[in-house]
Amino acid sequence: MPADGAPLVNAATAILSMRSSSFDELSAYGEVVDNSIQAEATNVKMKFDTTSKLIRKLAFGDDGIGMNAEILSSCLSLGWSSRYNDREGIGRFGVGMKLGAIHQCKRVEVWSKQKGGSWLFTYIDLDEIERGSMESIPSPIEQEPPIEFASLAGSEQGTLIVWSKYDNLRKRLLELMGEIKFWAGRTFRYFIWNKGPKGEQIRENPLTITINGEKVHALDPLY
């Protein structure tokens, strides 16, 4: 048996280098909405906290089934997925949401609650990783969501994700705000209609998406 040598991956360097991935804003947001759909959410809400040119924070909330402590403790780990290789669902390889998030911002916080349980919290912070003060994802602790974003998630169950230290806005903010509702309505139209391409019902309840308090309407790209 050979002696132990250098680690297979330098985690800090690898994670920071992943920030140069090809994700754009809308693709990164779509990964989060995909996860909410997989969690059986009926309502998905997004809220932008912005200046005239910058995003300070971006929050996603849903009323899906939430995560227990075991899943939450792993949900920000690159390469991990509770649905790994699930060809029926989205997020098959366990990197989409996390890779999209760190491409856009340096801090990702997650609160999640299952029915009958308490709100649990964990996070990753790329500045802490780079300094060497964060070598693993913190074990979840009981913590209520921040008041400014609490209404985005369900009261009985759900998940709240907040992106902060947002430092990678490729589009102009005005351009992004002009595109996002049309993009969401087109991308998730079948879930909003609750009808597949052949008119079949695809889930128990239709999906409602709101962005900054405004409801997104399904859009058929052919019309």
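The values are calculated or read from the model by the stated rules, or taken from the named source; none is laboratory data. These figures come from a predicted structure and were not determined experimentally. Reconstructed Cβ throughout: ideal geometry from the backbone, glycine too, with neighbour counts over all protein chains shown. Surface areas here come from the heavy atoms of the whole protein model, side chains and all, with no ligands, DNA or RNA. Shrake-Rupley method; radii C 1.70, N 1.55, O 1.52, S 1.80 Å.
In the chain, excluding the sites themselves, the longest stretch lacking any of the GluC sites (Glu not before Pro) that are in a DSSP loop with at most 11 other Cβ atoms within 10 Å is 1-87. Of the labelled options (1) 26, 22, 15; (2) 40, 21, 16; (3) 29, 21, 19, which one gives semi-axes √(5λ) of the Cα gyration tensor in Å as computed for this structure? Correct label is (3).
I want to check the label-to-label distance for Asp220 and Tyr190. Put each point 7 Å from Cα in the C-beta direction and report it in nm to one decimal. The answer from the label model is 1.6 nm. Rounded to 0.05, the FRET efficiency of the Leu173 and Ser151 pair, given R0 = 30 Å and the Cβ-Cβ distance, is 0.80.
Placing a pseudo-label 7 Å from each Cα along the Cα-to-Cβ vector at Arg203 and Glu142 gives an inter-label distance of 3.0 nm. Here the accessible area of the chain is 51 percent carbon and sulfur, with a 1.4 angstrom probe and all protein chains present.
Excluding ligands, DNA and RNA, the accessible surface per residue across the chain is 55 Å² with a 1.4 Å probe.
Per DSSP helix of 4 or more residues, -39500 (n - 2.57); summed, then divided by the residues of the chain. What does that give at 222 nm, rounded to the nearest 500?
About -8000 deg cm²/dmol.
Put a dot 7 Å past the Cα of Met18, heading toward its Cβ, do the same for Phe182, and the two dots end up 3.2 nm apart.
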